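Input: a single structure, listed below in structure tokens.
What follows draws every value from the coordinates through simple rules; no lab data is involved. A quick note: this is a predicted structure, and the numbers were derived from the prediction, not measured. We place every Cβ from the backbone using ideal geometry, glycine too, and count neighbours over all the protein chains shown.
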Amino acid sequence: MLTEIEYKKLAWHSRRGMRELDLLLLPFVESVLPVLAAEQQNLYERLLEEEDQDLFSWLVLREPARDAGLQSLVDQIRLRGHGSAN
């Protein structure tokens, strides 16, 4: 599980400065990330290392991520984003 410092670091790096990404990533970080398994939390950290253009393509334009693990996480983030918008 994440320490408080690790969580705050991931929350800070989730602020991408692109509104569309922030609207998807920040709610996910606040409500889902803390309860994910450590492996999924590590995968999220890896996702944040990607370029904003790639994240945007995967999360908004529905292009598949290049890695099945990342794609699984992208799907979770998308579902969370759509659920909070309804």
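Just one of (1) within 18 Å of Lys9 (Cβ to Cβ); (2) surrounded by fewer than 17 Cβ atoms within 10 Å (Cβ to Cβ); (3) touching a Leu at 6+ places or on another chain (Cβ under 7 Å) trips up Leu73, so point out which.
The number of the failed condition is (2).
Whether any residue in segment 15-34 is surrounded by fewer than 16 Cβ atoms within 10 Å (Cβ to Cβ) and among the hydroxyl-bearing types (Ser, Thr, Tyr) is what I want to check.
Within segment 15-34, one or more residues are surrounded by fewer than 16 Cβ atoms within 10 Å (Cβ to Cβ) and among the hydroxyl-bearing types (Ser, Thr, Tyr).
Any residue in segment 49-74 that is polar (S, T, N, Q) sitting within a Cβ distance under 8 Å of a residue that is part of a loop (DSSP other than H, G, I, E, B)? List the pairs, counting only those 6 or more apart or interchain.
Ser57/Glu63; Gln71/Pro64; Gln71/Ala65
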